[in-house]
Each structure stands twice: as C-alpha cells, then as structure tokens.
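One structure is given below, encoded as structure tokens.
Read the figures in this text as sums done on the coordinates, not as results from a lab. Since this is a predicted model, take the numbers as computed values, not measurements. Cβ coordinates were reconstructed from backbone atoms using ideal geometry, including for glycine residues, and neighbour counts include every protein chain displayed.
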Amino acid sequence: MYQAKTSFFGTYRDELSLNPDVGTWSWLLHRVTGLILVLYTFMHFFALSSSLGGASTFNAWLANLQTTLTHLLEIGLVAVVAFHLLNGLRITVVDFFLLTKSHKTLFWIAMIIFVVFMVITLIVFLPRAFSPHH
Amino acid sequence: MNGKTGKGSAYGWLFQRITGLFLAFFLILHTQVLHFAKEWRIDFNVVTQRLDSTGWVIFYAIFVPALLFHAFNGVWQVVHDYRPSLGTARAVKTLFWVLGLAISAWGYYLIATFSKGA
C-alpha cells in the first residue's frame with residue numbers, strides 16, 4: 001500500500017527510488033521547471049508594472065536589465081521554457097492519443113528537439129550577452 | 001494514488017492540457033517576436049506600437065488568463081502530491097483562484113496601459 005509522505009522532498013525522493021526511470025525524471029523536471037516559470041511570471045508582471053510610471057520609468061527598468069548576467073539568465077529561462085513546453089507537448093500527445101507505450105521514445109524525440117533548439121538559442125543569444133552595448 | 005478530488009480533478013487535467021497547447025503556441029510567438037526577431041531591442045515605444053493593434057491586444061487578453069490558470073493549476077498539482085486534507089485543499093484552491101483572477105486583472109490593466117500609451 002502506498003504511504004502518504006509528509007516531508008517536503010520525501011515524496012519526490014521516494015518516487016525516484018521506487019522507479020528511477022525517464023518517466024519519473026521527466027515528471028520531476030516538469031514540476032521543477034513549472035515552479036521556476038511561475039516565479040518568473042510574477043517577476044515578469046512586476047517588471048512590466050514599471051510601465052505605470054510612464055515611458056521613462058519603464059525604459060530605465062529595461063536598461064538596468066541589460067547586463068551580461070541577465071542575458072545569460074535569459075538563456076537559462078529559454079532552456080526551462082523549452083523543456084517544459086516540449087515535455088508538456090509529449091504528455092499531452094501521450095494522454096490524448098493513448099500513447100503510453102511510446103512515452104519514452106517520445107521523451108527522447110522531445111529531448112533531441114530540445115538540444116537542437118538550445119543550439120539555435122545559444123547562437124542567437126550568446127553574442128548579445130557579450131555585446132559591448134547591451 | 002490519486003486523492004478523492006472527484007470530477008474537478010478531471011477538468012483540471014483537461015484544462016491544463018488545453019491551456020498548455022494554447023501557451024505553447026502563444027509563447028513561441030511571443031518569444032519569436034520579442035527575442036528572436038532581428039529587431040530585438042525593446043523599449044516602451046516598441047511595446048506600445050505592438051499593442052496598438054487589436055489583434056495583439058486580443059492575443060495577450062487570452063494569453064494572460066491561460067497562463068495564470070496553467071500556473072496555479074500546475075502548482076495545485078504539486079500541492080496535491082502531498083495529499084492535502086479536504087479542508088486544506090479547499091483553502092488552497094480558493095486562494096489560487098483569488099490570486100489567479102487578481103493577477104489576471106492586473107495583467108489586463110497593464111495591457112490597457114501599454115495599449116493607451118501608443
């Protein structure tokens with residue numbers, strides 16, 4: 001009988017030790033990336049709220065965010081979004097087309113697309129992070 | 001190992017997927033336009049010019065509530081992993097609905113601010 005877990009990480013640790021496979025890892029990563037994106041959404045709305053102070057306040061906010069560090073964090077954000085989006089599409093396809101038997105193959109297909117997309121992202125975003133007038 | 005959450009849980013599952021599909025499309029477009037397109041420098045004018053079009057206003061008017069539903073329903077799934085009691089579940093759900101609707105309203109206010117600024 002499955003026992004209800006009380007500790008914060010216990011649920012996830014037990015799930016991983018019971019079934020240490022791509023299905024569990026992708027489930028865990030989907031949870032973690034999802035929570036990061038929720039926090040990002042709040043920050044995004046907060047930053048956009050500077051527009052209430054008018055064009056100059058908003059532009060000053062954006063200018064302050066143009067640093068090498070924030071551009072590198074932006075690449076991390078794209079990675080988090082890309083993983084959550086591609087794995088989410090895989091989950092939806094598995095659920096809607098009853099493809100549970102193929103879920104691992106579909107996960108690796110999603111990860112191949114992820115890697116290709118991240119290579120493109122690095123090519124586009126990395127020069128910006130180190131551009132002299134960011 | 002699913003708790004006794006009744007049919008609300010199945011709707012949550014379905015809407016999580018439907019909003020997810022919408023968000024996949026919206027987010028790709030949003031990121032493409034703002035970060036991958038050649039003109040990547042963003043300032044107040046760039047945003048207000050885009051939000052001068054009714055099409056973009058409708059786009060964000062759907063994007064914002066879909067995003068907040070997906071976000072809070074997703075966090076609710078995480079809470080659900082810990083098998084909350086019925087009382088806790090009800091309190092958390094209520095809190096998430098209030099926050100989701102309030103932040104959506106705030107998002108609409110921001111869309112209106114940018115839309116008026118053009």
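Remarks
- When each of A:TRP25, B:TRP56 is scored by the number of other beta-carbon atoms lying within 10 Å, the sequence from fewest to most is A:TRP25, B:TRP56.
- Intensity falloff of the range A:10-129 expressed as log10 I(q)/I(0), Debye formula with alpha-carbon point scatterers, at q = 0.17 Å⁻¹: -0.96
- Range of Cα positions in the protein assembly as shown per principal axis (Å), largest first: 61, 40, 34
- Note that the range B:15-88 shows a convex hull volume over its alpha carbon atoms of 127 Å³ per residue.
- Normalised contact order of the range A:10-129, rounded percent, pairs of Cα under 8 Å and 6 or more residues apart: 30 percent
- Lys/Arg +1, Asp/Glu -1 at C-beta; chain A dipole; positive extreme among A:TRP25, A:PHE117, A:LEU48: A:TRP25
- Theoretical ellipticity at 222 nm over chain B - DSSP helices of four or more residues, -39500 (n - 2.57) apiece, nearest 500: -27000 deg cm²/dmol
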